[in-house]
Amino acid sequence: VEPISLGLALAGAAASALTGFISYPRLYCYFTECCLQRPGARAGAVLEQELDKRLFGQHLVKKVVVKAVTGFLNNANPKKPLTLSLHGWTGTGKNLVSKIIAESIYEGGLSSKYVHHFVSTLHFPHRQNITQYKDQLQMWVRGNVSACARSVFIFDEMDKMHAGLIDSIKPFLDYYEQLDGVSYRKAIFIFLSNAGAEKITEVALDFWRSGKRREDLELQDLESSVSVSVFNNKNSGFWHSSLIDRNLIDYFIPFLPLEYKHVKMCVRVELESRGNYVDEEIVTQVADEMTYFPKEERIYSDKGCKTVYTKLDFYL
Ligand SMILES: Nc1ncnc2c1ncn2[C@@H]1O[C@H](COP(=O)(O)OP(=O)(O)OP(=O)(O)O)[C@@H](O)[C@H]1O
C-alpha cells in the first residue's frame with residue numbers, strides 16, 4: 001500500500017468516524033452524559049422494573065408514577081411540564097421514588113447534572129430572604145432548562161418551605177409554549193412533603209378497620225382529600241398556592257404508612273445489600289424494635305423504614 005493512499009484511507013476512516021460520532025449522538029452519549037439520554041420507552045421499563053424491585057407497600061404510588069412518567073416521556077409534544085407532588089409519612093419512600101425516577105431517566109440519577117435537588121431548610125432557610133430566593137429560583141430553573149429541556153427538579157421538604165416561594169416558578173409550570181425563548185414543557189418537577197400524611201393515615205386506617213385489604217385502596221379514595229388538606233395546611237409550602245389553585249400539579253401521590261411486614265422487607269434488603277446472610281431472627285428483632293401507631297392497634301411504623309438501617313448496625 002502506498003503511503004499516500006494509506007494516508008487517504010486513514011483520513012477517510014477518521015472523517016467517517018467523526019461524522020458517525022456527530023450523526024449518532026447516542027454513540028457520543030455513550031461516553032458522556034447527555035440531556036434526553038434514555039429513550040422514553042426504555043426509561044419507562046427501567047422505572048417499572050426498579051419500583052417493583054425496590055419499593056414496598058406502595059401499590060398506588062407504583063401505578064401512578066409509572067403511568068404518569070412513562071406517558072410523559074413518550075409524549076413528543078407535551079403541553080406542560082410534568083408535576084408530581086409526593087405526600088406521606090416520614091420514611092415511606094418519597095425520596096427513594098424520586099431517586100428511582102431520576103435514575104430511570106439519567107444513569108447518574110441524583111448526581112446527574114440534569115437532576116437538581118433543592119432542600120427547603122438548606123437552600124431557602126430564612127424567611128426574610130424570600131424575595132431573593134424567588135429570583136434565584138427562577139434563574140436556576142430558567143438556566144437549567146435552557147441547557148437541557150429534560151431537566152428534573154426535586155423540591156424536598158415542601159412542608160418547610162416559606163409560603164409563596166414556590167409560586168415564583170408558577171409560569172414555568174403553566175401551559176405556555178415558550179417564555180423568553182425557553183420551553184419548559186419537557187421538564188419534570190417533583191415536590192416532596194409530609195403534609196397530608198395525617199389525612200392519608202386516617203383513610204388507610206378506616207380502610208383497615210373496616211376489614212378491607214390495603215391493596216384495594218384506590219387513588220380516588222385519597223387524591224382529592226390530600227390536595228385539599230395540603231392547600232389548607234399553613235405549613236405545607238403549598239398553602240393557598242396558585243399551583244394548586246390553577247391545577248398545575250398533575251398528580252398528588254399518596255404514600256401509605258408502612259406496616260410491620262414492610263419494615264421487615266426493608267431490613268432484608270439492607271442485609272442483602274451489605275452482603276450479609278438474611279437472618280430472620282435479626283429481621284424480626286429489628287422490626288420489633290421500631291415503634292408503631294395508633295397506640296391500640298400498633299399497625300403503622302412511626303418512622304416508616306427510616307431508622308431501620310442504623311438499628312441494624314447494632315446487630316451486625
Ligand atoms: N416503601 C418503601 N420501600 C422500600 N424502602 C423504603 C420504603 N420507604 C422507605 N424506604 C427506605 O427507608 C429509607 C428512608 O426512606 P425515604 O428517605 O425515601 O423516606 P421519605 O418518605 O422521603 O422520608 P421523609 O419524609 O422523612 O423525607 C430509605 O433508605 C428507603 O430506601
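The values are calculated or read from the model by the stated rules, or taken from the named source; none is laboratory data. Remember, predicted model here, so these are calculated numbers, not experimental data. Backbone-built Cβ (ideal geometry, glycine too); neighbour counts: all protein chains shown.
Within segment 256-280, residues that are free of Cβ contacts under 8 Å to residues at least 60 places away in the same chain reach partners that are among the hydroxyl-bearing types (Ser, Thr, Tyr) with beta carbons closer than 6 Å, at six or more positions or on different chains, in the pairs 263/301; 270/309. Residues in segment 104-138 that are of a type in the set (Gly, Ala, Ser) and outside any helix (DSSP H, G or I) were compared, and the one that is modelled with the highest pLDDT is 112.
Check segment 133-153 and report whether any residue there is buried (at least 19 other Cβ atoms within 10 Å of the Cβ), hydrophobic (A, V, I, L, M, F, W, C) and under 13 Å from the mean Cα position of the chain (by Cα). So far as segment 133-153 goes, yes, one or more of its residues are buried (at least 19 other Cβ atoms within 10 Å of the Cβ), hydrophobic (A, V, I, L, M, F, W, C) and under 13 Å from the mean Cα position of the chain (by Cα).
So, in segment 158-214, of the ones that are part of a helix (DSSP H, G or I) and of a type in the set (Val, Ile, Thr), which residue ends up farthest from the ligand (Cβ to nearest atom)? Residue satisfying both the conditions and the ranking: 169. The selection criterion, being surrounded by fewer than 18 Cβ atoms within 10 Å (Cβ to Cβ), at pLDDT 95 or above and within 14 Å of the ligand (Cβ to nearest atom), holds for residue 260. Residue 44 meets the conditions (1) in contact (Cβ under 8 Å) with a residue 40 or more places away in the chain; (2) in contact with a Phe, Trp or Tyr (Cβ under 9 Å, 6 or more places away or on another chain); (3) away from the ligand (no atom under 16 Å from the Cβ) in every case but one. The failed one is (2).
Taking into account only those residues within segment 111-132 that are in contact (Cβ under 8 Å) with a residue 12 or more places away in the chain and within 15 Å of the ligand (Cβ to nearest atom), which is nearest to the chain's Cα centre (by Cα)? So, considering only residues that are in contact (Cβ under 8 Å) with a residue 12 or more places away in the chain and within 15 Å of the ligand (Cβ to nearest atom), the one nearest to the chain's Cα centre (by Cα) is 117.
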